[in-house]
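Let me begin by presenting the structure, written as structure tokens, before commenting on it.
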Amino acid sequence: MPSSTRRPVYLAELSYPAVARLQAQQPIVLLPIGATEAHGPHLPLLTDVYLSDAWARRTQQALWQRGIESLIAPALPYAVTEYGADFSGTVSLDAETAERLYAAVLKGLLRTGFSSLCVLNSHLEPAHIAALRSAVARLQQEHAGCVAFPDQTEKRFARMLTDEYKRGNCHAGRYETALLLACQPQLVDEERRATLPENPADLVGAMRAGIADFASAGGPLAYFGSPAAATVQEGDAIYARLVEIALLSMSDTWPTRLRPEAS
Ligand SMILES: [Zn+2]
């Protein structure tokens with residue numbers, strides 16, 4: 001990231017008068033969403049939350065470069081995480097609870113005076129994505145055009161990401177490990193990472209076949225792909241694409257605020 005970056009603005013750190021002042025500039029609220037879920041023996045349980053937080057910080061810098069104010073809402077660290085549920089520390093919500101939680105938080109942000117929300121999610125389990133999509137759709141019905149959801153599992157966005165991501169082996173492998181190295185390197189267990197062989201098991205294929213947990217899908221250590229191959233440089237390059245994806249989705253949602261060519 002360039003050295004001229006501004007300090008991130010978190011809703012959590014502002015007083016209510018400071019929020020009211022910022023609201024006069026119609027900021028975009030970035031809502032990071034992740035999970036509390038096993039991510040291999042080398043990454044922390046909150047990996048997806050750290051990934052979404054870093055995505056939000058970098059998106060905020062890109063919005064500032066376009067003269068647009070934003071703030072980062074407190075991240076949601078719980079999701080439907082059934083695939084990892086057998087591993088210590090993983091906390092899975094049922095789909096109905098997750099959908100209601102996301103819809104309620106989005107609604108609460110609108111009620112307190114924000115009008116433009118953007119969901120930045122890094123947990124890619126299909127049932128979780130479905131819950132999130134339906135929470136966003138529910139809100140859009142009542143308040144059209146209030147939420148952008150740059151869903152990286154959408155084909156047009158997925159094709160902008162790495163080969164490992166496109167193959168679907170993106171749980172705690174090279175893709176996610178690179179992203180965590182680029183934002184929270186101290187949380188990557190480097191000694192353990194160096195010992196992990198590539199796991200070529202086809203997670204997406206297993207999901208399609210109805211297999212519902214990491215071990216049965218061929219990931220007994222809760223990772224797929226090649227964590228040992230990840231680098232900080234690749235992580236930074238992936239974040240650049242993710243920021244592009246966020247800007248594309250926001251320019252679809254608010255074409256007069258973010259011109260498509262601006263991305
Ligand atoms: Zn993850």
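Miscellaneous remarks
- Taking first residues from the range 221-232 that are of a type in the set (Val, Ile, Thr) and partners that are surrounded by fewer than 18 Cβ atoms within 10 Å (Cβ to Cβ), the Cβ contacts under 9 Å between residues at least 6 apart in sequence or on separate chains come to Val232/Pro185.
- Scanning the range 165-210 for residues that are of a type in the set (A, V, I, L, M, F, W, C), outside any loop (DSSP other than H, G, I, E, B) and within 17 Å of Gly84 (Cα to Cα) turns up Leu203, Val204, Ala206, Met207.
- Filter result (within 16 Å of the ligand (Cβ to nearest atom) and among the β-branched types (Val, Ile, Thr)) within the range 134-173: Thr153, Thr162
- The set of residues in the range 211-248 being assigned to a loop (DSSP other than H, G, I, E, B), in contact with a His (Cβ under 8 Å, 6 or more places away or on another chain) and not small (Gly, Ala, Ser) consists of Phe214, Tyr223, Phe224.
- Matching residues, the range 41-66, being within 16 Å of the ligand (Cβ to nearest atom) and either more than 21 Å from Asp236 (Cβ to Cβ) or free of Cβ contacts under 8 Å to residues at least 40 places away in the same chain (or both): Pro41, Leu45, Leu46
- Residue match in the range 79-92 (condition: free of Cβ contacts under 8 Å to residues at least 24 places away in the same chain and either loosely packed, with under 14 Cβ neighbours inside 10 Å or in a helix (DSSP H, G or I) (or both)): no
- For Leu161, the criteria (1) surrounded by 14 or more Cβ atoms within 10 Å (Cβ to Cβ); (2) more than 17 Å from the chain's Cα centre (by Cα) hold in every case but one, which is (2).
- His128 vs. criteria within 16 Å of the ligand (Cβ to nearest atom), at pLDDT below 95, more than 16 Å from Leu242 (Cβ to Cβ) and crowded, with 22+ Cβ neighbours inside 10 Å: no
- Scanning the range 88-111 for any residue that is within 16 Å of the ligand (Cβ to nearest atom), at pLDDT 95 or above and polar (S, T, N, Q) turns up at least one such residue.
The values are calculated or read from the model by the stated rules, or taken from the named source; none is laboratory data. Fair warning: this is a prediction, and the values are worked out from it, not measured in the lab. Note that each Cβ is placed from the backbone with ideal geometry, even for glycine, and that neighbours are counted across all protein chains shown.
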